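Just below is one structure, and these are the notes that go with it.
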Amino acid sequence: MLARRAEGCIGWAECFVGTEVVGGALKGYENKVIRVVGHTDNVQISQTLQGTFPSNRELSVARATTVVRYLQEVSIAPEPMVASGRSEYDPVATNDTAEGRQRNRRIEIMLIDKSLADELKKSVN
């Protein structure tokens, strides 16, 4: 794991320990699409945050988008980056324990070969 969530944060890029390391590591991959995916646990959004994040879907997308913005700030070109959110629907641990829920609140960064991504676009169009 290149970055881990700092205590007390809800997943924003500036709360991640090691995010600057990830930004530096991604600078050498000009021929890749950088897909940033946000994830959540299955706990419903609190009443106080529902105005900002009506559901875990919006929260997961906001997490990914925030990381993309941060990566742009550390000089990663915006064109190859894609932000998406999986909400609670791709857990890596049980949501029955606090530790499991914490593991599920995460960001994944995937590198996809640009030529493969271009081929996929062509097949859709």
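Only one residue in S84, S55 is closer than 27 Å to Y29 by Cα, among the hydroxyl-bearing types (S, T, Y) and modelled with pLDDT of 95 or more, so which one is that?
Checking each option against the conditions leaves just S84.
If you go through segment 97-110 one residue at a time, do you hit one that is of a type in the set (V, I, T) and loosely packed, with under 13 Cβ neighbours inside 10 Å?
Scanning segment 97-110, I find at least one residue that is of a type in the set (V, I, T) and loosely packed, with under 13 Cβ neighbours inside 10 Å, so the answer is yes.
Since R105 meets every condition but one in (1) modelled with pLDDT of 95 or more; (2) in contact with an Asp or Glu (Cβ under 6 Å, 6 or more places away or on another chain), which condition does it not meet?
(1)
Here are the criteria: (1) touching a strand residue (DSSP E or B) at 6+ places or on another chain (Cβ under 9 Å); (2) open to solvent by 70 Å² or more (accessible area, probe 1.4 Å); (3) assigned to a loop (DSSP other than H, G, I, E, B); (4) not hydrophobic (A, V, I, L, M, F, W, C). Tell me which single one Q72 does not satisfy.
Of (1) touching a strand residue (DSSP E or B) at 6+ places or on another chain (Cβ under 9 Å); (2) open to solvent by 70 Å² or more (accessible area, probe 1.4 Å); (3) assigned to a loop (DSSP other than H, G, I, E, B); (4) not hydrophobic (A, V, I, L, M, F, W, C), only one is false for Q72: (3).
Please pick out the residue among V61, V43 that is of a type in the set (V, I, T), at pLDDT 95 or above, open to solvent by 20 Å² or more (accessible area, probe 1.4 Å) and over 28 Å from D118 (Cβ atoms).
Selected residue: V43, the only one of V61, V43 that is of a type in the set (V, I, T), at pLDDT 95 or above, open to solvent by 20 Å² or more (accessible area, probe 1.4 Å) and over 28 Å from D118 (Cβ atoms).
If you check every pair at least six apart or on different chains, which have Cβ atoms under 7 Å apart with a residue in segment 90-101 that is within 11 Å of H39 (Cβ to Cβ) first and a residue that is not in a loop (DSSP other than H, G, I, E, B) second?
Listed pairs, sorted by first residue: D90/H39; P91/N104; V92/R103; V92/N104; A93/G100; A93/R103; A93/N104.
Check off (1) open to solvent by less than 80 Å² (accessible area, probe 1.4 Å); (2) in contact with a helix residue (DSSP H, G or I) (Cβ under 7 Å, 6 or more places away or on another chain) for N56 and give me the number that stays unchecked.
Failing condition for N56: (2).
The values are calculated or read from the model by the stated rules, or taken from the named source; none is laboratory data. Fair warning: this is a prediction, and the values are worked out from it, not measured in the lab. Quick reminder, even Gly has a Cβ in these numbers, built from the backbone with ideal geometry, and neighbours come from all protein chains shown. SASA here: full protein model, heavy atoms, side chains in, ligands and nucleic acids out. Shrake-Rupley method; radii C 1.70, N 1.55, O 1.52, S 1.80 Å.
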